[in-house]
Amino acid sequence: ASVLKQLVATIGLDGFREGMRHYFRTYAYGNTTLPQFLEALETGSGRELRAWADIWLRTPSLNTIAAKWDADGERISGMTLTQTAPADYPTMRPHTLEVGLVRDEGGTLTVTSVPASIDGEEATVDAAIGKPKPSLVFPNYNDHGYTKVALDPESVAFARENLERIDDGLLRSLLWSSLWNMVRDQQLKSTDFLALVRERAAKEPRIDLTEVILNQAQTAMARFVTESNKEGEARLLFAAARDGLRGAPEGDAQITWMRAMVNAAAHADDLALLARLADGVESVPGLTVDQQMRWDIALKHVAYGVAGADGRIAAERDRDRSDRGSRAAIRASVSWPDAAVKTEAWAKFHGEGYGSLYETASAMAGFNWPKQRDLLEPYVEGFFTNVRGIFDTKDKEFYSDYFGALFPAYRVEQATLDRSERLLAEVADTVPTLTRMLREANDELGRAIRCRAYAAS
């Protein structure tokens, strides 16, 4: 879909329409091939598209585009687009884009755009010269390009203070997405992104976008923040979610912020507040703590060794006699920070299991808690020693759950990545699914290591 949108931008809407008319007239009620489709569009647009299709459809890559610009007084004096590609996939694609220029004029934000194109590492945007000096520049306005965007420092600074003031919902969504990709690509510190979320997320008018932002913040906190800063960042995110909940309208917004509180809770005081909300000791007008939230709160009390956690689990099991309740209780039974519990669970994973596949998967989901990293130390090597045998002897559903739950992704450190890379080298392509899952896990682990180092720099 993104490539088709870029194709329309490249040949123009009129050319695309005429090409599609020719396509449907020529091939009505029949099947076609890609060359026939492209030939029809070439006829309609007068553009040669074979080389374009080769580089867009048959070549892997995802480019990042950034804008550099200068101003002479209150006018743009020059603007350049730069393009980069991953080292493993160094293809530079041609892009036809709109560059959005956001300007703060006396407290009112205006957005204009100018056309641009780039085919290589750099291109000038002549149409921008002479335009009023912008407060923010976004080189993929209206989302014509399949590309990541790296914002310039002035644009990042403006977004940090003014994101919610941008009326264009698509542009706001693209800006949040770009900021998140900049974190993942070590262009923006995870701690700066978390600060941005705390300051701006509660002011975002679209609750669906708020939910995405909060989930990204949770990932940043768990994966991209150093261990020494993690608890402090978790407390700050919890406090922001608490404030967001108190200011949210009834309905989906309250649910979104309450879930964010549960996800962020990692300190005894924050867990205690969740308990009071679940028990009705404290309340927020209009908020109902649903059963899934109650289970998530109870599970965290177990994993963090909070006094009375066993009673809380028992109470939730009495309240929820469904299959979900049964599986949540099994997960809780494995979540205790106790060496004997972990030993028994590990034996069951590799033996008789917990009954059904779903029950065993629930138990696996309760095994690895980052808070219990010292307790879980023996099972890091245990995973790498046993996982190939699991893939050789179990069915897809079991080994997928096993890998997803028990790969020690919470240990964001070079030693874990090195061990996983050694296993990948041993497996090579003899177990294709395991090879793919290891590659993906290693890619994410390596990224997390780099992001933590960048955040600490």
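For ARG373, the test of being in contact with a helix residue (DSSP H, G or I) (Cβ under 9 Å, 6 or more places away or on another chain), surrounded by fewer than 17 Cβ atoms within 10 Å (Cβ to Cβ) and over 27 Å from LYS300 (Cα atoms) is failed. Each residue in segment 317-338 was checked for being buried (at least 21 other Cβ atoms within 10 Å of the Cβ) and farther than 21 Å from GLY353 by Cβ, and 0 of them qualify. Scanning segment 347-366 for residues that are hydrophobic (A, V, I, L, M, F, W, C) and either free of Cβ contacts under 8 Å to residues at least 24 places away in the same chain or crowded, with 20+ Cβ neighbours inside 10 Å (or both) gives ALA347, PHE349, ALA361, ALA363, MET364.
Does ALA201 satisfy the condition of being open to solvent by less than 70 Å² (accessible area, probe 1.4 Å) and within 23 Å of GLU444 (Cα to Cα)? Answer is no for this residue.
Within segment 163-189, the set of residues being under 19 Å from ARG103 (Cβ atoms) and open to solvent by 50 Å² or more (accessible area, probe 1.4 Å) comprises ARG165, ASP167, LEU170.
Here ASP192 passes the criteria (1) in contact with a Leu (Cβ under 7 Å, 6 or more places away or on another chain); (2) open to solvent by 30 Å² or more (accessible area, probe 1.4 Å); (3) under 30 Å from GLY446 (Cβ atoms) except the one numbered (1).
Looking at the structure I just gave you, is ALA220 among the small types (Gly, Ala, Ser), touching a Phe, Trp or Tyr at 6+ places or on another chain (Cβ under 6 Å) and either more than 27 Å from ALA314 (Cα to Cα) or part of a helix (DSSP H, G or I) (or both)? Considered against the rule, which asks whether it is among the small types (Gly, Ala, Ser), touching a Phe, Trp or Tyr at 6+ places or on another chain (Cβ under 6 Å) and either more than 27 Å from ALA314 (Cα to Cα) or part of a helix (DSSP H, G or I) (or both), ALA220 comes out as yes.
The sole residue among ALA332, ALA347, ALA340, ALA328 that is small (Gly, Ala, Ser), within 27 Å of GLU426 (Cα to Cα) and not in a loop (DSSP other than H, G, I, E, B) is ALA347. Checked against (1) of a type outside the set (D, E, K, R); (2) closer than 25 Å to TYR304 by Cα; (3) surrounded by 20 or more Cβ atoms within 10 Å (Cβ to Cβ); (4) within 18 Å of the chain's Cα centre (by Cα), ASN215 meets all criteria but (3). Here ALA266, ALA234, ALA217 are screened, and the one residue that is touching a residue at least 60 places away in the same chain (Cβ under 8 Å), closer than 26 Å to GLU413 by Cα and of a type in the set (A, V, I, L, M) is ALA266. Only residues that are surrounded by fewer than 15 Cβ atoms within 10 Å (Cβ to Cβ) and over 18 Å from PRO134 (Cα atoms) were counted across segment 62-105, and they come to 7.
Exactly one residue out of LEU438, LEU445 is free of Cβ contacts under 8 Å to residues at least 24 places away in the same chain and buried (at least 17 other Cβ atoms within 10 Å of the Cβ): that is LEU438. The set of residues in segment 404-432 being part of a helix (DSSP H, G or I) and touching a Ser or Thr at 6+ places or on another chain (Cβ under 8 Å) consists of LEU424, VAL427. Selection over segment 112-143 of residues that are of a type in the set (Asp, Glu) and over 21 Å from LYS5 (Cα atoms) gives a count of 3. Within segment 143-153, does at least one residue satisfy the condition of being within 26 Å of GLY12 (Cα to Cα) and loosely packed, with under 15 Cβ neighbours inside 10 Å? No, the conditions are met nowhere in segment 143-153.
For segment 17-66, the tally of residues that are among the aromatic types (Phe, Trp, Tyr) and within 33 Å of the chain's Cα centre (by Cα) stands at 2. The residue list ILE330, ILE297, ILE313 contains one member that is of a type in the set (A, V, I, L, M, F, W, C) and more than 23 Å from MET261 (Cβ to Cβ), which is ILE330.
The values are calculated or read from the model by the stated rules, or taken from the named source; none is laboratory data. All of these numbers come straight from a predicted model, not from anything done at the bench. Note that we place each Cβ from the backbone using ideal geometry, even for glycine, and neighbour counts take in every protein chain shown. Please note that ligands, DNA and RNA were not included when accessible areas were found on the heavy atoms of the full protein model with its side chains. Shrake-Rupley method; radii C 1.70, N 1.55, O 1.52, S 1.80 Å.
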